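This is the structure I have questions about; it appears just below.
The values are calculated or read from the model by the stated rules, or taken from the named source; none is laboratory data. All values derive from a computational prediction rather than experimental measurement. Heads up, the Cβs are rebuilt from the backbone with ideal geometry, glycines too, and the neighbour counts pull from every protein chain shown. For accessibility, only protein heavy atoms count, side chains too; no ligands or nucleic acids. Shrake-Rupley method; radii C 1.70, N 1.55, O 1.52, S 1.80 Å.
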Amino acid sequence: KNQHSEKVDVDFDVVVACTGFEMDFSWISTSNPTTIKLDPNPRTWFKHCFPPGPLGEHLAFVGFARPHQGGIPQCAEMVSRYIAQLRVGNLKLPSNFAEIAKKEGIAESECYHLAPNNKLVVDYLAYMISVAKLVGCAPKVPENPIDMIKYWTFPMWPCFFRTQGVGANPTAANSVLNKFGPFDSLAPMPLLAVEIGFSFCMPFVNFFFILF
């Protein structure tokens, strides 16, 4: 349909769908390819960025953390901030970063077992918070009641990670957050009452299904 909601028939010679792509890192070579190999599975990379082994100390990938809800750019920005701190010497990779990546990768595979071939998918909030703690910019619960409501009810936008810590820019963060009221992310009545009711009942429903 066009902008006037009228159906229009159009002939196309070729339709290109953005599907069926595979990750291929064969173009990356090392001085000793028999012993130093790049694992193409991002879930073996620390924070979906640093591959295990010697490569992880010199090579970083950005854009290979894809949240199941949220955006790749947000995750890419956060891990880029971590890379920057590593490069300037303010931080160092954990000595056991490969082991940490392996454990996190197993947990992600279990969480997203219905999409076993999608190795990029991550939980947005868990990923952002985990990298933010490494950077030193994890947001804290505000003391101001209005800001506290926004913190607990708004999506965890990147601006929240600019409120304090390394790379903080409270002025820029507040310029975004102050455009919204404290209750803008809450459903209006009576839907809000229904939402609260479901939130209260769902743990008991889940517990019932676990038992039976």
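Which one of V8, N174, L38 has its Cα pushed farthest toward the positive end of the charge dipole of the chain, where Lys and Arg give +1 and Asp and Glu give -1 at the Cβ?
About the Cα centre, the residue reaching furthest to the positive side is N174.
For the chain, modelled as a Gaussian network with Cα springs under 10 Å, which listed residue fluctuates most, E110, E143, E77?
E143
For region 103-212, which whole percent of the accessible surface, found with a 1.4 angstrom probe, sits on carbon and sulfur atoms?
70 percent
Still on this structure, please answer the following. With θ set to phi - 60°, apply the Karplus curve 6.51 cos²θ - 1.76 cosθ + 1.60 along region 121-131 and write out the HN-Hα couplings as whole Hz, x wherever there is a Gly or Pro.
Values, residue by residue: 5, 9, 7, 4, 5, 4, 5, 4, 5, 5, 6 Hz.
Grab the beta carbon distance between A168 and K37, set R0 = 30 Å, and tell me the FRET efficiency rounded to 0.05.
Efficiency for this residue pair is about 0.15.
So what is the diffusion coefficient of the chain in µm² per second by Stokes-Einstein at 20 °C and 1.002 mPa s, using a Kirkwood Rh over Cα pairs?
It comes out at roughly 103 µm²/s.
Out of H68, H113, H48, any idea which swings most in a Gaussian network model of the chain, alpha carbons joined below 10 Å?
In this elastic network of the chain, the residue with the biggest mean-square fluctuation among H68, H113, H48 is H113.
Starting from 0.36 nm per residue, how many nanometres of slack lie between K7 and L59 once their C-alpha separation is accounted for?
Working it through step by step, the gained length comes to 13.7 nm.
Take the cross-link list K47/K103; K150/K179; K47/K102; K37/K102; K140/K179 and give me the ones stretching past 18 Å between alpha-carbons.
Those over the limit are K140/K179.
Then there's this: Hey, can you grab everything whose amide H is under 5 Å from the amide H of C137? Only 5+ residues off in sequence or another chain; H modelled, so Pro and N-termini drop out.
Long-range HN contacts for C137: V166.
Moving on to the next point. Find, among the trypsin sites (Lys or Arg not before Pro) in region 143-212, those assigned to loop by DSSP (not H, G, I, E, B) with at most 13 other beta-carbon atoms within 10 angstrom.
K179
Next question, about the same structure. Out of region 24-114, which chymotrypsin sites (Phe, Trp or Tyr not before Pro) are coil in DSSP terms and have no more than 13 other C-beta atoms within 10 Å?
Listed in order of number, the matching sites are F25, W27.
Let me ask something else. Taking θ = phi - 60°, what integer Hz values does the Karplus form 6.51 cos²θ - 1.76 cosθ + 1.60 yield along region 28-34, in sequence order, with x for Gly and Pro?
8, 10, 10, 5, 9, x, 6
Looking at the calculated P(r) for region 21-80, what percent of the C-alpha pair distances fall above 15 Å?
I get 52 percent for the Cα pairs in region 21-80 exceeding 15 Å.
Rounding to the nearest 20 debye, state how big the charge dipole of the chain is about its Cα centre with +1 on each Lys and Arg Cβ and -1 on each Asp and Glu Cβ.
Once rounded to the nearest 20, the dipole reads 700 debye.
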